Amino acid sequence: MSFTAEVKDELSRVPATCSHCDKAVLAALVRIEGTLFVSGKNRYRVEIATDAPSVARLVIKLLHELYRLKTNLTVRRSVLHKTPNYLIEVPAQPQLAAALVDMGVLSPEGGLVLGVSEQLVAKDCCAAAYLRGAFLGSGFVSDPRGDFHFEVIVETEELADGLVDLLARKNIKARIMQRRNSYMVYLKSGSAILEFLALAGAHQSALAMENARVIKSVRNDVNRQTNAEIANQAKTSRAAIDQIRAIRQVVEAHGMENLPPALQDFIKLRVRHPEATLKELGELANPPLSKSAVYHRVRRIEQLAVELENQNR
């Protein structure tokens, strides 16, 4: 099961905080996943499609409990993805028009409501319920073990603006992107997604995401440290190779016995320990040397090598 499916399954089981929260959830679901058909004055039919069985059960339950509406359920299977899709039909019936007005889908005059009906989200708990319904309808959240991404797709800019405003009530900053004939409300930061999950009531999913964030953070820290160590080792190895090349030139030109004792001691240490750092070479010396003292010897050998190269030009 995908993380999105897990979140939707949890959200479909969140109990209502007040008597109006269920209406807000259903209203958002119908607005986002529903298709309205008109066959005459006050004669409407609605179809709601979802691929989440828990969402299908919730829609049917709320339609029956809140408005006593009759529904028909058809389970379809995608040939391409071989996954079930649930089509809930609300056939034309006398109380459907009033229900659509009550859910903020239609205005009392019969026109379509493009934004979020204020009466549905007057209370904070109902605003959270509406956001919960919106995610149940067309929400997606990526697996927290990868990159963080959250989105809800809606058909009108007014509805997208309404969702952004509801999120802003809780200081969750969302953005809108137009996609052809639809609008995507999205969150990018892990902290914003966590705040949404907690606001909507998906506490177990929020905990799972936070655990994944901690593991990812630790893994990233370890990777950064490992990469830094590898880079340092590579740098040390390149430096040692350059030093040994310079040593070979100096010894061949001057002879080991003609070099100062300090340089002779360093050369012996470097040849015996080609992968050691300057600090480690200093610790191996007898008596021990500071890193700066070892570096001074390295610089002297490199200078002698450069002088030899200049003479041979």
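The values are calculated or read from the model by the stated rules, or taken from the named source; none is laboratory data. Keep in mind it's a predicted model, so treat the numbers as computed, not measured. Here Cβ is always computed from backbone atoms with ideal geometry, including for glycine, and neighbour counts include all displayed protein chains.
Being in contact with a Gly (Cβ under 6 Å, 6 or more places away or on another chain), in the same structural domain as GLU33 (by TED's automatic domain parsing), over 18 Å from LEU11 (Cα atoms) and surrounded by fewer than 21 Cβ atoms within 10 Å (Cβ to Cβ), is that true of even one residue in segment 179-186?
Among the residues of segment 179-186, not one is in contact with a Gly (Cβ under 6 Å, 6 or more places away or on another chain), in the same structural domain as GLU33 (by TED's automatic domain parsing), over 18 Å from LEU11 (Cα atoms) and surrounded by fewer than 21 Cβ atoms within 10 Å (Cβ to Cβ), which makes the answer no.
State whether the residues of segment 7-27 include one that is assigned to a strand (DSSP E or B), surrounded by 13 or more Cβ atoms within 10 Å (Cβ to Cβ) and assigned by TED's automatic domain parsing to the domain that holds VAL152.
Checked segment 7-27: no residue is assigned to a strand (DSSP E or B), surrounded by 13 or more Cβ atoms within 10 Å (Cβ to Cβ) and assigned by TED's automatic domain parsing to the domain that holds VAL152.
Out of all the residues in segment 270-313, which are part of a helix (DSSP H, G or I), of a type in the set (Asp, Glu) and in contact (Cβ under 8 Å) with a residue 12 or more places away in the chain?
Result: GLU302, GLU309.
Give the residue, chosen from ALA212, ALA231, ALA208, ALA198, that is touching a helix residue (DSSP H, G or I) at 6+ places or on another chain (Cβ under 7 Å) and of a type in the set (A, V, I, L, M).
ALA198
So which of THR50, THR74, THR17, THR35 is touching an Asp or Glu at 6+ places or on another chain (Cβ under 8 Å), under 30 Å from ALA208 (Cα atoms) and hydroxyl-bearing (Ser, Thr, Tyr)?
Answer to the selection: THR50.
With the structure loaded, tell me whether ILE176 is modelled with pLDDT of 95 or more and either surrounded by fewer than 16 Cβ atoms within 10 Å (Cβ to Cβ) or not aliphatic (A, V, I, L, M) (or both) or whether it fails that test.
So ILE176 passes the test.
Name the residue that is farthest from ALA239 (Cα to Cα), counting only residues in segment 252-308 that are of a type in the set (Gly, Ala, Ser) and exposed (fewer than 13 other Cβ atoms within 10 Å of the Cβ).
Among them, the one singled out is GLY255.
Return the residues of segment 158-175 that are touching a strand residue (DSSP E or B) at 6+ places or on another chain (Cβ under 6 Å) and in contact (Cβ under 8 Å) with a residue 40 or more places away in the chain; say none if nothing qualifies.
LEU163
Go through segment 114-142 and give me each residue that's free of Cβ contacts under 8 Å to residues at least 40 places away in the same chain, part of a loop (DSSP other than H, G, I, E, B) and closer than 21 Å to GLU155 by Cβ.
None - no residue of segment 114-142 is free of Cβ contacts under 8 Å to residues at least 40 places away in the same chain, part of a loop (DSSP other than H, G, I, E, B) and closer than 21 Å to GLU155 by Cβ, so the list stays empty.
With the requirement that a residue be closer than 17 Å to ARG272 by Cβ and surrounded by 13 or more Cβ atoms within 10 Å (Cβ to Cβ), what does segment 238-249 give you?
ALA239, ALA240, GLN243, ILE244, ALA246, ILE247, ARG248
Could you grab the pairs with beta carbons closer than 6 Å, sequence gap of 6+ or different chains, first residue in segment 52-70 and in contact (Cβ under 8 Å) with a residue 12 or more places away in the chain, second one assigned to a helix (DSSP H, G or I) and aliphatic (A, V, I, L, M)?
Listed pairs, sorted by first residue: VAL55/LEU136; VAL59/LEU29; LEU62/LEU26; TYR67/ALA99; LEU69/LEU63.
Could you give every pair whose Cβ atoms fall below 9 Å, whose first residue belongs to segment 22-50 and is closer than 17 Å to PHE135 by Cα, and whose second residue is in a strand (DSSP E or B) and among the polar types (S, T, N, Q), counting only separations of at least 6 or pairs across chains?
As it stands, the answer is LEU29/THR50; GLU33/THR50; ILE48/THR35; ALA49/THR35; ALA49/ASN85; THR50/ASN85, since those pairs meet every condition given.
Looking at ASN232, ASN211, ASN223, which one is loosely packed, with under 11 Cβ neighbours inside 10 Å and either assigned to a helix (DSSP H, G or I) or not assigned by TED's automatic domain parsing to the domain that holds ASP143 (or both)?
Of ASN232, ASN211, ASN223, the one residue that is loosely packed, with under 11 Cβ neighbours inside 10 Å and either assigned to a helix (DSSP H, G or I) or not assigned by TED's automatic domain parsing to the domain that holds ASP143 (or both) is ASN223.
Which pairs do you get when a residue that is aromatic (Phe, Trp, Tyr), found in segment 176-200, comes within reach of a residue that is assigned to a helix (DSSP H, G or I) and surrounded by fewer than 18 Cβ atoms within 10 Å (Cβ to Cβ), reach meaning Cβ atoms under 8 angstrom, with the pair 6+ apart or on two chains?
Close Cβ pairs (under 8 Å, with a partner that is assigned to a helix (DSSP H, G or I) and surrounded by fewer than 18 Cβ atoms within 10 Å (Cβ to Cβ)) amount to TYR183/GLU157.
From the list VAL164, VAL152, pick out the single residue that is over 30 Å from ILE215 (Cβ atoms), of a type in the set (Val, Ile, Thr) and either in the same structural domain as LYS70 (by TED's automatic domain parsing) or in a strand (DSSP E or B) (or both).
From the options VAL164, VAL152, the qualifying one is VAL164.
Can you work out which of the residues in segment 53-79 that are farther than 16 Å from GLY137 by Cβ and β-branched (Val, Ile, Thr) is modelled with the lowest pLDDT?
VAL79
For segment 28-48, which positions are surrounded by 18 or more Cβ atoms within 10 Å (Cβ to Cβ) and closer than 26 Å to ASP161 by Cα?
ALA28, LEU29, VAL30, ARG31, ILE32, GLU33, GLY34, VAL46, ILE48, listed by residue number.
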